[in-house]
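A.B. asks: Right, I'll just put the structure down here and ask away after.
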Amino acid sequence: MIIVLKAGATPEEIESVVGRIRQAGLEPQVLRGTERTVVAALGDERLLQSVPLATLAGVEEALPILAPYKLASREFKHDDTTISLGNLVIGGKKIVLMAGPCSVETQDRLISIAESVKAAGATILRGGAFKPRTSPHAFQGLGEEGLEYLSEARRKTGLPVITEIMDPRDLPLIMAHADIIQIGARNMQNFRLLSEVGAQREKPVMLKRGLSATLKEFLLSAEYILAAGNTQVMLCERGVRTFETETRNTLDLSAVPVLRKLSHLPIIVDPSHAVGKSCFVAPMAKAAVAAGADGIMIEVHSHPQEAYCDGDQAVLPADFTRLVGQMRRIAQAVDREI
Ligand code: PEP
Ligand code: MN
């Protein structure tokens, strides 16, 4: 249920709505918009049946939210969510570019890749220190050492960093180094992890779509983070499993307009993990800009053949530079900027 307050509703009127929701045994969440305030009542809506919310002072209307995800839905929040990170805004007119290696390798290599993606126009550095590998025998990431390298790369380049969390026990450590916390495709339905990451409200979270998750499941996972209190959530389409074997996954680009319709959260597209081969990354990155993505995440490596993981899909810095120029022109054509 959402309770839409009148434009001039007083703080006392808002408080009284919040109190009645709590009294009924539901959890109120207040969203203060530029024009009006909306209160969501989260929980079993049957408990509200005998509460005359619509007739309380200051209330314009009380509406059921039909989507199973509430806080993530456009019904709850009409305007696009924007996330501020220093001078960077995610979800605004400007498309953000996240680029960097799949995993953090050596300090020098990370810094040199960070410098080249920055020069090309990237606004966020990516790099995994905790890697979700299919095989337990594969390189698992440098862990804390990798996080320290990311911090050093931020110090040297000024680029904020995004890195993946796999275990809630690593949260304090990751919080100390990351500017955005990534939850990977394999953990999209790790509900305890989602709630723990959502309970910290300081750092934005990028949630990747699960390997074979429907968009409804994807949004319900985002709902876990939102329901735990963190409103700075972005969604990342990174390809889903299909019968096709020529590409690693199949990039579901229609997810962009569909998520845009269903949700107010910023949408990022990662063509690298979708296609799995460097030669297909650029066309899909450009298509993602045309489709309306708010951000693009691309794996870039100066020596892909030496990469500790995902070398096949890493693009070279020079190719990334050319791609940014092309994406910039496409962005302009769809009234965006890079
Ligand atoms: C990654 O971004 O490094 C990653 C592992 O991606 P995904 O979770 O989409 O597979
Ligand atoms: Mn990767």
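A.B. asks: Limited to the stretch 100-110, what total is found for residues that are surrounded by fewer than 18 Cβ atoms within 10 Å (Cβ to Cβ) and part of a helix (DSSP H, G or I)?
C.D. replies: Qualifying residue count, the stretch 100-110: 2.
A.B. asks: Would you please name the residue that is farthest from residue 134 (Cα to Cα), looking only at residues in the stretch 248-270 that are among the hydroxyl-bearing types (Ser, Thr, Tyr) and out of contact with any Phe, Trp or Tyr (no Cβ under 8 Å at 6 or more places or on another chain)?
C.D. replies: The extreme case among them is 254.
A.B. asks: While we're here: When you go through (1) outside any helix (DSSP H, G or I); (2) within 16 Å of residue 208 (Cβ to Cβ); (3) without any contact (Cβ under 8 Å) to a residue 40 or more places away in the chain one by one for residue 243, which number turns out not to apply?
C.D. replies: Residue 243 satisfies every listed condition except (2).
A.B. asks: What number of residues within the stretch 268-320 are assigned to a loop (DSSP other than H, G, I, E, B) and within 11 Å of ligand 2 (Cβ to nearest atom)?
C.D. replies: Selection size over the stretch 268-320: 8.
A.B. asks: Can we say residue 134 is in the same structural domain as residue 266 (by TED's automatic domain parsing), of a type in the set (S, T, N, Q) and over 30 Å from residue 33 (Cα atoms)?
C.D. replies: Against the criterion (in the same structural domain as residue 266 (by TED's automatic domain parsing), of a type in the set (S, T, N, Q) and over 30 Å from residue 33 (Cα atoms)), residue 134 qualifies.
A.B. asks: Which of (1) touching a residue at least 12 places away in the same chain (Cβ under 8 Å); (2) more than 12 Å from ligand 1 (Cβ to nearest atom) does residue 172 not meet, given it meets every other one?
C.D. replies: The failed condition is (1).
A.B. asks: Is the stretch 179-187 home to any residue that is surrounded by fewer than 16 Cβ atoms within 10 Å (Cβ to Cβ) and not charged (D, E, K, R)?
C.D. replies: no
A.B. asks: Is it true that some residue in the stretch 219-234 is part of a loop (DSSP other than H, G, I, E, B) and within 17 Å of residue 132 (Cβ to Cβ)?
C.D. replies: no
A.B. asks: Return the pairs, sorted by first residue and then second, in which the second residue is away from ligand 2 (no atom under 16 Å from the Cβ) and outside any strand (DSSP E or B), the first residue lies in the stretch 80-109 and is at positive phi and charged (D, E, K, R), the beta carbons are less than 9 Å apart, and the residues are 6+ apart or on different chains.
C.D. replies: Nothing qualifies.
A.B. asks: Let me ask something additional. Take the residues in the stretch 297-334 that are acidic (Asp, Glu) and within 16 Å of ligand 1 (Cβ to nearest atom), then tell me which one is surrounded by the most Cβ atoms within 10 Å (Cβ to Cβ).
C.D. replies: Ranking the candidates gives 299 first.
A.B. asks: Within 16 Å of ligand 2 (Cβ to nearest atom) and either part of a helix (DSSP H, G or I) or touching a Pro at 6+ places or on another chain (Cβ under 6 Å) (or both): does that describe residue 186?
C.D. replies: Considered against the rule, which asks whether it is within 16 Å of ligand 2 (Cβ to nearest atom) and either part of a helix (DSSP H, G or I) or touching a Pro at 6+ places or on another chain (Cβ under 6 Å) (or both), residue 186 comes out as yes.
A.B. asks: Residues in the stretch 239-258: is at least one closer than 21 Å to residue 91 by Cα and within 16 Å of ligand 2 (Cβ to nearest atom)?
C.D. replies: Yes, that holds for at least one residue.
A.B. asks: Quick test of your reading of the structure: residue 142 fulfils all but one of (1) away from ligand 2 (no atom under 16 Å from the Cβ); (2) part of a loop (DSSP other than H, G, I, E, B); (3) surrounded by 20 or more Cβ atoms within 10 Å (Cβ to Cβ). Name the failing condition by number.
C.D. replies: (1)
A.B. asks: Residues that are more than 18 Å from residue 81 (Cα to Cα) and of a type in the set (A, V, I, L, M): does the stretch 242-255 have at least one?
C.D. replies: The answer is yes; a qualifying residue exists.
A.B. asks: Could you go through the stretch 321-337 and let me know if any residue there is modelled with pLDDT of 95 or more, within 17 Å of residue 99 (Cβ to Cβ), out of contact with any helix residue (DSSP H, G or I) (no Cβ under 7 Å at 6 or more places or on another chain) and within 15 Å of ligand 2 (Cβ to nearest atom).
C.D. replies: no
A.B. asks: Against the conditions (1) of a type in the set (Ser, Thr, Tyr); (2) farther than 26 Å from residue 261 by Cα; (3) part of a helix (DSSP H, G or I), where does residue 195 fall short? Just the number, please.
C.D. replies: Tallying (1) of a type in the set (Ser, Thr, Tyr); (2) farther than 26 Å from residue 261 by Cα; (3) part of a helix (DSSP H, G or I), residue 195 fails exactly one: (2).
A.B. asks: Please specify each residue of the stretch 31-75 satisfying the condition of being among the polar types (S, T, N, Q) and at pLDDT 90 or above.
C.D. replies: 37, 55, 73
A.B. asks: So how many residues does the stretch 30-70 have that are within 20 Å of residue 13 (Cβ to Cβ), free of Cβ contacts under 8 Å to residues at least 60 places away in the same chain and surrounded by 14 or more Cβ atoms within 10 Å (Cβ to Cβ)?
C.D. replies: 15
A.B. asks: Quick one: residue 259 ticks every box in (1) within 12 Å of ligand 1 (Cβ to nearest atom); (2) out of contact with any Lys or Arg (no Cβ under 7 Å at 6 or more places or on another chain); (3) not polar (S, T, N, Q) except a single one, so which number is it?
C.D. replies: (1)
The values are calculated or read from the model by the stated rules, or taken from the named source; none is laboratory data. Model, not experiment: these values are computed from the prediction. Heads up, the Cβs are rebuilt from the backbone with ideal geometry, glycines too, and the neighbour counts pull from every protein chain shown.
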